[in-house]
Amino acid sequence: MQRVRTHSAVMAGAALTAMALSLAACSSSSSSSGGGSSSSSLSGTLNASGSTFQLTFQQTAIQSFKSVQPNMTINYGGGGSGKGRTDLASGVVQFAGSDSPIPSDETANFKGKTVLYFPVVIGPITMSYNLSGVTGLKLTAPVIADIFQAKIAKWNDPAITALNPGVKLPSTPIVIARRSDSSGTTANFSQFLVDSSPNWKLGTSSTISWPAASRGGNGNGGVAQIVKTTPGAIGYVDYSDAKASGLSYASVKNKAGNYVAPSISSATSAADNATVAPNLTFSSVWTPGAQSYPVTYQSWDLVYQKQSSTNTTKMLKAYIGYLLGAGQQLLPQLNYAPLPASLDQKATAQLSKIGS
Amino acid sequence: MSTVTQQAGPATPAGPARPLSGRRPLGDRTFQVITLAAGLLVLVILVLIAFSTTQQAAPWFKAEGWGIFGTTWNPATNQFGALAFIYGTAITGVIALIMAVPVSVAIALLLTEVVPYRWARPIVYVIDLLAVVPSVVWGLWGILVFAPWIAKIYAHIGSAVTGIPVLDSLFGPPTSGASFFTAGIILAFMITPIVTSLSREVIATVPAIDKEGAYALGATRLEMIQGAVWPHSKGGIVGAVLLGLGRAMGETIAVALVIGSSATITSHLFAPGDSMPAVIANQFGEASGVFRAALMGLGVLLFAFTIIVNVIARAAVGRSVEQGSA
């Protein structure tokens, strides 16, 4: 680590010297060197932290980005969206991953500086369950709300059997599996219940006051582990972790009234039907559209519009441009959903604002 | 210039440590300055940590007032009462002490009074190995191996005590293996080495003449321990126990993994709960605003509690060791 730091510091120093030299050499035509940022070779380090939802995608993208810009080092440390935003506000990182827009009580931290939102990844949250012999379970938002509030205690409750004619449901007690750590997954799952179900009373936050009998797991992997090992368990698990653990998951009735299973295409459809604000913030939860999966969430990379260094500006444009371009093709194999085309275009167009 | 030499003149011979030489060598003085700086550095860092965490926690203290000791912790409704976590920290610490202290003191007596020295050495090594196990390993072992296993025992105990007044409310039907009690057991494993080694040191200070005297009066080994060792090392063992409690109170990741993460105050020891360090570790990542300040504030409270416990413990150990050497 120490060695890498020193190395990158030397690289940055070399880059600065090179830039100074080139500026001195052609002070009259400096605009030409700034224009070809995408094709020229960049060197330096970008540090980032935040959303753990993005972590797998970032790690994979950083690896493949090496073939585009071999001299650029990008460090993406997880830590959670809250940590990412704090790090960005205190200037420790050049960009932050966040599963939610900056909350109102945090705006003061950014001291009035404009923060640009670049959506980079979409993902469905599955209702994963452990019932041997039961496949293709169907659930509606109000029933999910009652299950997670411990109002429905057994799997053969009339509320569930009514949605699943022809499926033989056992009398197994329902075990609620939820996150023990604070999470954007919890925030978006509870946002879905707030938007869709008037009977949901627990509100929405990154941590929720769950029923006492629920079982907490650390990370999506921890919840998946509980669901996998506990008969009768149901938990909200990120699609990629549910796939990795081989869990069964339910189809959920969407706003249009159709039962839709979580998938890459149904998540992209949900994001495509979201109302996108001019600053590219939106919510993919409970959006209209016949094929939209209703429990879908998204994550942004947050970047200051104003940048002090030209090199950092170029590197940010190159890397985030890569995430929005070729990087999107990496998402399906990781079981995340790519951005819908219209949103990707808007985000790509916004790249030019960095450093302006 | 002349005033400087005048001042330096009387100052140097006054140093009582080196009366023979006129002035202390430069190396000696530099060494003194460096060691003093190192000592002060620790103090300064401690004060800075206390100051900055308190400052970061200020929005919580402002928003809640005495409500910081409220029973409801619900970020969704912006209620941040810490009592459930203080309760969890206390109850897991107590469970850990109840299990670890008798075992630790027994081991310490075994090592000092029962087995010969050459056998004591390997036993000490093995016990110290317990302290080497990283806490995350304890936590993972706890949640993946120990909790599912002990959940069955909980279920048996739970059904056995149904209907019995007090026991039912303590050991009532469990929900899963992750609970106050599991966290307490894991903590007991973790604090056994420290309580054992401190107790052993305290017991070792008992003067041989007291013990020989007891034997000379015809005391058996047990009577000797009761009459000579115990009165002498009581205070020190209390200190060792309190240091163990300090360790248990601050333990984070092992507890975070096994305690079940539910902000509830209940007499049911087999129910999931939460503790102060565990909730900080679990919820910090996505916290913002007052939520974040509240977690910082929990850190301040925990810092204060552990300092109090440690100061009392050091005082108890110190007094006992002084008595021993006197």
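The values are calculated or read from the model by the stated rules, or taken from the named source; none is laboratory data. Computed from a prediction, not measured in an experiment: that's the story for all the values here. Positions of Cβ are generated from backbone atoms using ideal geometry, with glycine treated the same way; all protein chains shown enter the neighbour counts.
Among the residues making up segment B:269-282, those that are in contact (Cβ under 8 Å) with a residue 40 or more places away in the chain and either at the interface with chain A (Cβ under 9 Å from one of its Cβ atoms) or buried (at least 24 other Cβ atoms within 10 Å of the Cβ) (or both) are B:Phe270, B:Ala271, B:Pro272, B:Gly273, B:Asp274, B:Ser275, B:Met276, B:Ala278, B:Val279. Among the residues in segment A:185-201, are any facing chain B (nearest Cβ under 9 Å), outside any helix (DSSP H, G or I), within 26 Å of B:Ala271 (Cα to Cα) and at pLDDT below 95? Looking through segment A:185-201, none of the residues is facing chain B (nearest Cβ under 9 Å), outside any helix (DSSP H, G or I), within 26 Å of B:Ala271 (Cα to Cα) and at pLDDT below 95.
Say we look at segment A:95-145 and pick out the residues that are assigned to a helix (DSSP H, G or I) and surrounded by fewer than 21 Cβ atoms within 10 Å (Cβ to Cβ); which of these is nearest to the other protein chains (Cβ to nearest Cβ)?
Among residues in segment A:95-145 that are assigned to a helix (DSSP H, G or I) and surrounded by fewer than 21 Cβ atoms within 10 Å (Cβ to Cβ), the one nearest to the other protein chains (Cβ to nearest Cβ) is A:Asp105.
Scanning segment A:42-68 for residues that are small (Gly, Ala, Ser) and farther than 17 Å from A:Pro332 by Cβ gives A:Ser43, A:Gly44, A:Ala48, A:Ser49, A:Gly50, A:Ser51, A:Ser67. Counting only strands (runs of 3 or more DSSP E) that sit completely within segment A:208-259, those holding 2 or more residues that are in contact with a Lys or Arg (Cβ under 9 Å, 6 or more places away or on another chain) and surrounded by 24 or more Cβ atoms within 10 Å (Cβ to Cβ) correspond to A:215-217, A:233-238.
For the structure I just gave you, tell me whether A:Leu247 is without any contact (Cβ under 8 Å) to a residue 40 or more places away in the chain and away from chain B (no Cβ under 11 Å).
No.
The residues on offer are B:Leu243, B:Leu217, and the sole one that is among the hydrophobic types (A, V, I, L, M, F, W, C) and closer than 30 Å to B:Ala96 by Cβ is B:Leu243.
Whether a residue is modelled with pLDDT of 90 or more, touching a helix residue (DSSP H, G or I) at 6+ places or on another chain (Cβ under 8 Å), in the same structural domain as B:Thr89 (by TED's automatic domain parsing) and more than 25 Å from B:Ala57 (Cα to Cα) was assessed, and B:Ala313 does not pass this test. Please determine, by comparing only the residues of segment A:165-184 that are within 11 Å of chain B (Cβ to nearest Cβ) and assigned to a loop (DSSP other than H, G, I, E, B), which one is surrounded by the fewest Cβ atoms within 10 Å (Cβ to Cβ). Applying the filter and picking the extreme gives A:Asp181. State all residues of segment A:88-110 that are modelled with pLDDT of 90 or more and more than 22 Å from A:Gly327 (Cβ to Cβ); if no residue qualifies, say none. Answer for segment A:88-110, where residues must be modelled with pLDDT of 90 or more and more than 22 Å from A:Gly327 (Cβ to Cβ): A:Ala89, A:Ser90, A:Gly91, A:Val92, A:Ile102, A:Phe110. Surrounded by fewer than 16 Cβ atoms within 10 Å (Cβ to Cβ), more than 14 Å from chain A (Cβ to nearest Cβ), closer than 30 Å to B:Val195 by Cβ and within 23 Å of the chain's Cα centre (by Cα), is that true of B:Val42? When the stated conditions are applied, B:Val42 passes them.
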